[in-house]
Every structure is written in structure tokens, then in C-alpha cells.
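One structure below.
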Amino acid sequence: VGSMDMGSVLQSYNFGNLESDDADYVGGIAGQSKSIIRRSAAKCRLSGDNYVGGIAGVTEMGTIIDCEGYGSVESSTGGYVGGIVGYSYTNVRDSYAMCNIAGSEYVGGIAGYGTEITDCHSLVGVTGATACGGAIAGYADMNGEGVVDGNSFVHETLGAIDGISYNGRATPISYEQLLAVPGIPDEFRTLTLRFV
């Protein structure tokens, strides 16, 4: 879906690939969304220029709840790239990302740029970020009006938000602890290693 206004999307799944090096607003479920996206998953390869997300490129209103992003999410030369959403003005909660994410700036496991991120969990690879990269978000206002709480991630070297972790709000954990998170999808229990 290119752009969605008001309403809701429930239990949508995308297993196809979407690749366009010069397109903005690329998402596994929606490019631009003002809707509620709930219990949806994308298992695909996505690439674009700016605002690329496993579920949505940009969310302007509504929320993303209980969604899952797998595969790869890439920006050719731009930014705002996330395993769930590239740029979110609204709430992302109870969502999971297990994917490879690449972009130059604002690159995050859940959101490239996020305002409210709660109870989300990631196991991601982040590459190419020269500014604002994190296992949860590339950037989120940790001292302002936004809410970031209850998030966790597995990554050996990268911090949660712009390289910094926050205990209880965006916390690094072990893979074994991640598997013990209530509601963790079964996909997280199987890892595939690919040598190139």
C-alpha cells in the first residue's frame, strides 16, 4: 500500500520484495500511514532512498502494535531506516525486528527516528550508519515529551539509541534473555548464518 489514511490494517503479511534505489516512503505493509497497523508482519527485502521501514516508511498518525519485521531493510544513500518504521511521529509498541538494516543516518532496529517506542525488542544488524544509529532507534528524544520504555535488544557492540543504552528503557540483554521475553515470536528461535 502506498499511502493509507485513517482506519486500521489488521493481520497483513508481506513476503515479496520491494526494491527501488531512488524511492522514498517504502514499507513492507505501507509506505506512508495515518492508520493503526496491528498484528502484521513483513518477511522481505526492502530498499529505497529515505524513509524505509519493515512495516511502514513513515507513520504520521495512528500506531503500530504487535508487528514483526524480518529480512532486510536498506537505504541506498539516504536515511530514516528502521526494522519496523523509518520515521514515526506516533507510538510503536509490542513489536519485534530481526533483520539487517542499512542506511547512512537515522538507522535503528525498531525505528530510524521515533517519538514513542514501548515494549519492543530487536535482534538486528546495523550497517553504514555514520550518524544516529542504534539497536532500538537511530534517534529518539530521551529527555522530551516522547516515551521510550520497556525495550530490549541483543547486540554486542551497538547501543540502543544513537549508540547509548538506557537501563529499563532500552536495555541490552543476552540472546537467552530475549528468548524468555513473553510473546517473543518463534522466528527468533531460529537463526540462519550466511557466509559471503
Applying the Karplus parametrisation 6.51 cos²θ - 1.76 cosθ + 1.60 with θ = phi - 60° to the phi angles of the stretch 34-51, what ³J(HN,Hα) value in whole Hz is obtained for each residue in order, glycine and proline being reported as x? 10, 10, 8, 10, 10, 6, 10, 9, 10, 10, 7, 9, 10, 9, x, 9, 10, 6
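If you build the Cα gyration tensor of the stretch 119-195 and take the root of 5 times each eigenvalue, what three semi-axes come out, in whole angstrom, biggest first? Walk me through the intermediate numbers first.
Numbers: eigenvalues 93, 56, 17 Å².
Semi-axes, largest first: 22, 17, 9 Å.
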GNM on the chain, Cα springs under 10 Å; top mean-square fluctuation among I84, I136, I161 goes to I161
Among all stretches of the chain without exposed GluC sites (Glu not before Pro) (DSSP loop, at most 14 other Cβ atoms within 10 Å), which one is longest? 1-144
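Could you tell me the relative contact order of the chain? Use alpha-carbon pairs under 8 Å, at least six residues apart, and round to a whole percent.
Details: 696 pairs, mean separation 25.2, N = 196.
Value for the chain: 13 percent.
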5 Å is the cut-off here: which amide hydrogens, built 1.01 Å from N in the peptide plane, fall below it relative to V9, excluding neighbours closer than 5 in sequence? I36, I37, R38
Expressed in nm to one decimal, what extension gain is obtained for the pair E145 and S8 from 0.36 nm per residue of sequence separation less their Cα-Cα distance? 46.8 nm
Sequence gap at least 6, Cα distance under 8 Å: using those rules, report the relative contact order of the stretch 88-191 to the nearest whole percent. 23
What residue among G183, G109, G54 has the largest mean-square fluctuation in a Gaussian network model of the chain, using Cα springs under 10 Å? G183
The Cα extents of the stretch 69-183 along the principal axes, largest first and rounded to whole Å, are 36, 30, 21
Output wanted: per-residue J couplings in Hz (rounded whole) for the stretch 8-13, from phi through Karplus 6.51 cos²θ - 1.76 cosθ + 1.60, θ = phi - 60°, x for Gly and Pro. 8, 10, 10, 6, 9, 9
Karplus couplings for the stretch 169-174 from phi (6.51 cos²θ - 1.76 cosθ + 1.60, θ = phi - 60°), rounded to Hz, Gly and Pro as x? 9, 7, 10, x, 9, 7
Report relative contact order for the stretch 7-50 in percent, whole number only (criteria: Cα-Cα under 8 Å, sequence separation at least 6). 55
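Bear in mind these aren't lab numbers, they're just calculated from the coordinates by the rules spelled out. The shown structure was predicted, so the numbers you read here are calculated from the model rather than taken from an experiment. Ideal geometry is used to build each Cβ from the backbone, glycine not excepted, and the neighbour counts take in all protein chains shown.
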